[in-house]
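Down below is the structure, laid out as structure tokens.
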Amino acid sequence: MAARLLDGTAVANQIRAESAPAVAAFTARAGRPPGLAIVLVGDDPASAIYVRGKLKSAGEAGLRADLERLPSTTSLDELMVLVDRLNRSDAHDGILVQSPLPAAMGPEAERRVFDAIDPAKDVDGLNPINVGRLVQNRATLASCTPSGIIELLVRSGIRVAGAHAVIIGRSDIVGKPMALLLLHKHATVTVCHSRTVDLPRVASEADVLVSAIGRAGFVAPAFVKPGATVVDVGTTHVSDRATIDRLFPVGSKRREVFERKGSLVVGDVHPDVADVAGALTPVPGGVGPLTIAMLLKNTVTAALQRAGWAG
Ligand code: NAP
């Protein structure tokens, strides 16, 4: 393997450690810890795992972390009532509504919910006010996953200014804010999506390649310029053997995990990319822990800002 592994877990631990004094100081001064409310609607198993991780980390960091769990039969109006209550709560500085919402809520449900979250408590950076501030490079609460990736790149000494960054995926939660954050760090940015013509060629021009599409092993070695930095955001739960056969050789560690558990979380990036890239984030242990660390950091920022104590 040629590529240097970018250790998201280590950087996430650093970010958490740096937030600890602010958590302690806020708690002493306010007489309560910074508070985070996570809303989980329905029974999506992957969402339940992510939410558990976020609650555990928040609790360990000294935050108040409350789970508001609603059944999949919840109506959009009922969810809006909950968001309104959390907007008014003095104990909660951050509100995160876990995506995806159940399809039965309708195609506009997520947008309507994000519109309704108080921008001062919008720790996922999805309210249009915060998105607008991000466009203008004055965001204080930006989407957690792309913010965490910027922290990883900067702290790992990866050159971003002047680099050509290519992002595969244009979602509101990852691809678009990633493009803006890289632009603000002075990268030249290209965004690819499902209609991009000759995507492998465009990707292979990247100095920094970020893939966020959710297709196991999609980014093949031919997509990658030798020595490029590759960030793998994708997390696909794979349980079919054909995909595992395509990606992991017999005897590999990841394959052993699959044999033991019957499923595997797999990134967008094919493992053979490690032979071409200069630096690479692993899945798991790359972007995932950073997303959680930035959620905690954003909650502390929201608490300080709401109290008028931000620097
Ligand atoms: P999303 O909303 O489904 O968006 C997927 C994007 O990928 C879309 O822009 C889509 O293009 C593009 N796309 C899909 N297939 C493509 C293809 N064959 N070629 C080119 N582009 C393609 O997904 P998301 O919420 O951004 O999440 C993406 C992945 O990241 C998922 O696996 C998700 O689980 C993971 N994720 C991980 C973390 C973490 O903390 N590790 C956080 C968030 C997300 P169009 O717009 O043209 O349809």
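No value in this document is a laboratory result; all are computed from the given coordinates. Treat the numbers as computed from the prediction; the structure is a model and nothing was measured. Because the Cβ atoms are built from the backbone with ideal geometry, glycine has one as well, and the counts that use them run over all protein chains shown.
Summary table below
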{"read-out": "Failed condition for Thr74, given (1) surrounded by 14 or more Cβ atoms within 10 Å (Cβ to Cβ); (2) within 16 Å of the ligand (Cβ to nearest atom)", "value": "(2)"}
{"read-out": "Yes/no for Ser171 being in contact with a helix residue (DSSP H, G or I) (Cβ under 8 Å, 6 or more places away or on another chain) and polar (S, T, N, Q)", "value": "no"}
{"read-out": "Any hit, the range 99-111, residues being outside any loop (DSSP other than H, G, I, E, B), touching a residue at least 24 places away in the same chain (Cβ under 8 Å) and within 23 Å of Thr299 (Cβ to Cβ)", "value": "no"}
{"read-out": "Residue list for the range 255-311, filter: away from the ligand (no atom under 14 Å from the Cβ), touching a residue at least 60 places away in the same chain (Cβ under 8 Å) and under 18 Å from Pro226 (Cα atoms)", "value": "Val273, Ala274, Asp275, Val276, Ala277, Gly278, Ala279, Leu280"}
{"read-out": "Single residue of Leu86, Leu55 found to be touching a Leu at 6+ places or on another chain (Cβ under 9 Å) and among the hydrophobic types (A, V, I, L, M, F, W, C)", "value": "Leu55"}
{"read-out": "Of all residues making up the range 157-205, the number that are away from the ligand (no atom under 14 Å from the Cβ), in contact with a strand residue (DSSP E or B) (Cβ under 8 Å, 6 or more places away or on another chain) and over 30 Å from Glu108 (Cβ atoms)", "value": "9"}
{"read-out": "Checking Gly53 against (1) more than 15 Å from the ligand (Cβ to nearest atom); (2) under 30 Å from Ala104 (Cβ atoms), the condition it does not meet", "value": "(1)"}
{"read-out": "Pair list, Cβ under 9 Å, 6 or more apart: the range 219-236 residue closer than 16 Å to Ala187 by Cβ, other residue among the polar types (S, T, N, Q) and assigned to a strand (DSSP E or B)", "value": "Val230/Ser211; Val231/Ser211"}
{"read-out": "Tally of residues being more than 9 Å from the ligand (Cβ to nearest atom) and crowded, with 17+ Cβ neighbours inside 10 Å across the range 222-237", "value": "7"}
{"read-out": "Residue satisfying condition, being in contact with a helix residue (DSSP H, G or I) (Cβ under 8 Å, 6 or more places away or on another chain) and free of Cβ contacts under 8 Å to residues at least 24 places away in the same chain, within set Pro146, Pro200, Pro177", "value": "Pro200"}
{"read-out": "Test: Val208 is free of Cβ contacts under 8 Å to residues at least 12 places away in the same chain and either closer than 21 Å to Arg138 by Cβ or not basic (Lys, Arg) (or both)", "value": "no"}
{"read-out": "Unique residue being among the charged types (D, E, K, R), in contact (Cβ under 8 Å) with a residue 60 or more places away in the chain and in contact with a Lys or Arg (Cβ under 8 Å, 6 or more places away or on another chain) when the list is Lys54, Lys121", "value": "Lys121"}
